[in-house]
Amino acid sequence: MEVIYKKPESLKKEITTYCPGCGHGIIHRLIAEVIDELKIREITIGVAPVGCAVLAYNFFNFDVTESAHGRAPAVATAIKRLLPDRIVFTYQGDGDLAAIGIAEVIHAGARGENITIIFVNNAIYGMTKGQMAPTTLPEQKTTTTIYGRKIHYHGYPIKMCELMAQLDGVSYVERVSIDSIPNIIKTKSAIKKAFKYQIEKIGFSFIEILSTCPVNWKMSPKQAMDWITEVMSKHYILGVYKDKGGSNG
Amino acid sequence: MKRNLLTGCEASAEGAIHAGCKFYAGYPITPQNRYPEYMSKRMPEVGGIFIQAESEISAINMVFGAAVCGFRALTSSSSPGISLKQEGISYLAGCELPAVIVNMNRGGPGLGDVTPSQSDYFQATRGGGHGDYRTIVYAPWNVQELYDFTYMAFDIADKYRNPVLILADGIIAQILEPVKFRKPKKKLPVKKWALTGCKGRKPNSIKSLFLTPGILEKHNWKLYKKYKKIEEKEVKYEMYFCNDIESLIVSFGTCARICYETVKIAREEGIKIGLFRPITLWPFPYKQLENLIKKIKKIYVVEMNLGQMIDDVKIANRKNLPIYFYGRPGGGVPTPEEIYNFIKKNGSNI
């Protein structure tokens, strides 16, 4: 009998420590599937952030290092420059990438480092239990915006894809989502394209994935998926923002 | 043997290159600008990578990345920049990654000034960043030593899987002096723990996060044992004119070099005084200083700061001898004569 669905080799046999309905599990699996399909598991080096996904090295079955909060693109820069034939990617949340680490990601992009950034945007600080993130939506309630994010007081959320696409050094920018089966399939395609571009030396890729944090959003897993569809993806428009390797280049 | 006329920054860079350093990341800050400038030329020449980072923070984290994949890596800066690197140094210590950090100390606190100082002694010797950790600290007193210690620092960093600091200052960074080169290293240690892709082995990971209760405590005790071993094996110091002494100057780096001249003047005047110079500021030569203190009646501590190393001298001073401190903070550099006058004023003819 043909096996049509199994655990990718790039994932370890570990019990998840992520919360019920959390998007990290889906995204970890997509990355693992892509790495298996491209046969790059043995040459891949992952850089984990600070945040929930710091534990990525417990789940990925390839070399993974921790990095200080926000500094993953700097760490990845050095690894890729010294080992240019390895595949290097960072996996970062919105606090890590768009707040404390915004300088590192912008400059790694400006330098045109041939690395892949997987940016998981769930509009909240997950690990610290639900504070306002740089991507928290207007009026969204968090533990530090208990009356909702007021733009005149807390400022505007940052649209990272729009920002990164402006940089000459950046090759590929796409925003995707995991709120439906078709979108999960699109997310996988985007991740695969980003890794392929790195293999082909097309350059710096930035994939923003709209993801869920049901516990801190105070929603059920189903409600959280619907919230991405109905609210989050109205603010963060899905699509390709730049593609030097394709038709938009 | 051929000697090369180099500034301190250049000499340290060559020391790193001869030790097999293949990665440099830095950021401009006076008085060490020559370091990144020189490395921008030299790193590509030796097949290494030079990156002018967007910040000191990014530079130290690039060095972290280079260390993660097993390469010898260095960053240099001066005081305010070294403060910014402290988080990264703490991660290097926590993850047990070898790297070399050069501090060309300038006056502080805050933006301070750009003149030489020794005001980062506490920061260098007490960890500097968050958490229970130590960095090995070398204090050169001339350009040759700056070259030698940088060369050596990489072996020590690899041996103990620990960050090593070179604490120099604005004078040693910029002064031109002749330097004898050592043999460039060809064979470097194999690092099985490094992240290079998991071909033919189980995946490696580098981390300093230990959430399970008790595991971090275990990790910290493991680091403690390493630090004890370093304290036992790696202490370096020098003594001058210490055969027949009644009093002693304790000083390090540039300031010790100035004190050396003071001792010569004092000796000509018949004063039985010697100089003790810690070369490793951590581990500090407590025992060696304590043994010397047994023979004398008075201690002078001279530093280009408000009194920082003096705390370590006090630890070694179990005999409770009087300690006289002479300091020049904020970029002040004493002359041998003014130190001599200080000693005379505090009665050295015991």
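Just so it is clear, none of the values below were taken in a lab; they were calculated from the coordinates. Small disclaimer: the values here were computed from a predicted structure and weren't measured. Because the Cβ atoms are built from the backbone with ideal geometry, glycine has one as well, and the counts that use them run over all protein chains shown.
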Partner chain coverage, peptide B:51-57 - average Cβ within 10 angstrom: 5
Folded to 0 to 90 degrees: helix B:56-68 orientation relative to chain B principal axis, Cα: 60 degrees
Whole-number percent relative contact order across segment A:24-243, with pairs defined as alpha carbons under 8 Å at least 6 apart: 19 percent
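Please give the per residue volume of the convex hull enclosing the alpha carbon atoms of segment A:24-243, rounded to a whole number of Å³.
Residue-normalised Cα hull volume stands at 106 Å³.
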Prolate/oblate/rounded call for segment A:135-198, Cα gyration tensor, a/c under 1.5 rounded: oblate
Chain B: most fluctuating residue of B:120, B:169, B:132 per GNM, C-alpha cutoff 10 Å: B:132
Sequence-distant residues sharing a close amide H with residue B:282 (under 5 Å, placed H): B:137
For segment B:28-79: rounded, prolate or oblate by the Cα gyration tensor [a/c cutoff 1.5]: oblate
Chain B: most fluctuating residue of B:141, B:282, B:193 per GNM, C-alpha cutoff 10 Å: B:193
Calculated [θ] (222 nm, deg cm²/dmol) that DSSP helices of n ≥ 4 give over the protein assembly as shown, each run adding -39,500 (n - 2.57): -11000 deg cm²/dmol
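If the chain between residue B:126 and residue B:210 were fully stretched, how many nm would it gain, using 0.36 nm times the residue separation less the Cα-Cα distance?
Result: 28.0 nm gained on full extension.
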Dimensions in Å of chain B - Rg and Dmax from alpha carbons: 20.6, 71
Neighbour-limited loop hits for GluC sites (Glu not before Pro), segment A:194-249 (at most 14 other Cβ within 10 Å; DSSP other than H, G, I, E, B): A:200
For residue A:23, residues with placed amide H under 5 Å, excluding near neighbours: A:212
Nearest 10 degrees, 0 to 90: helix B:143-160 Cα axis against chain B principal axis: 50 degrees
Ranked by how many other beta carbons lie within 10 Å on average, peptides B:45-54, B:64-73 from highest: B:64-73, B:45-54
FRET efficiency, residue B:294 to residue B:159 (Cβ-Cβ, R0 41 Å, nearest 0.05): 0.80
Segment B:172-227 and segment A:193-249: distance between their alpha carbon centers, rounded to Å: 36 Å
Cα centroid of segment B:82-111 to Cα centroid of segment A:162-182, whole Å: 35 Å
Backbone HN-Hα couplings from phi across segment B:173-179 [Karplus 6.51/-1.76/1.60, Hz, Gly and Pro as x]: 4, 10, 5, 9, 8, x, 10
Averaged over B:79-88, number of beta-carbon atoms from partner chains that fall within 10 Å: 1
For the protein assembly as shown, radius of gyration divided by Kirkwood radius, i.e. Rg to Rh on alpha-carbons: 1.05
Relative contact order computed over segment B:238-345 (Cα-Cα under 8 Å; 6+ residues apart), in percent: 31 percent
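For peptide B:190-199, compute the average count of partner chain beta-carbon atoms within 10 Å of each residue's beta-carbon.
Per-residue shielding by partner chains comes out at 5.
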Among B:331-343, B:223-235, A:65-77, the order from most to least packed when residues are scored by Cβ within 10 Å on average: A:65-77, B:331-343, B:223-235
Gyration tensor verdict on segment A:102-220 (Cα atoms; rounded if a/c is under 1.5, prolate if a/b is larger than b/c, oblate otherwise): oblate
Net +/- balance of residues flanking residue A:37 in space, Cβ distance below 11 Å, scoring K and R +1, D and E -1: +2
5 angstrom amide H check on residue B:298, placed H, neighbours 5+ away: B:248
Gap separating the Cα centres of segment B:260-291 and segment B:1-40, nearest whole Å: 30 Å
Pairwise FRET efficiency - residue B:234 versus residue B:5, Cβ, R0 = 35 Å, nearest 0.05: 0.70
Under DSSP loop assignment and at most 10 Cβ neighbours within 10 Å, longest chymotrypsin sites (Phe, Trp or Tyr not before Pro)-free interval of chain A: A:6-146
Contact order normalised by residue count of chain B, Cα under 8 Å, 6+ apart, percent: 18 percent
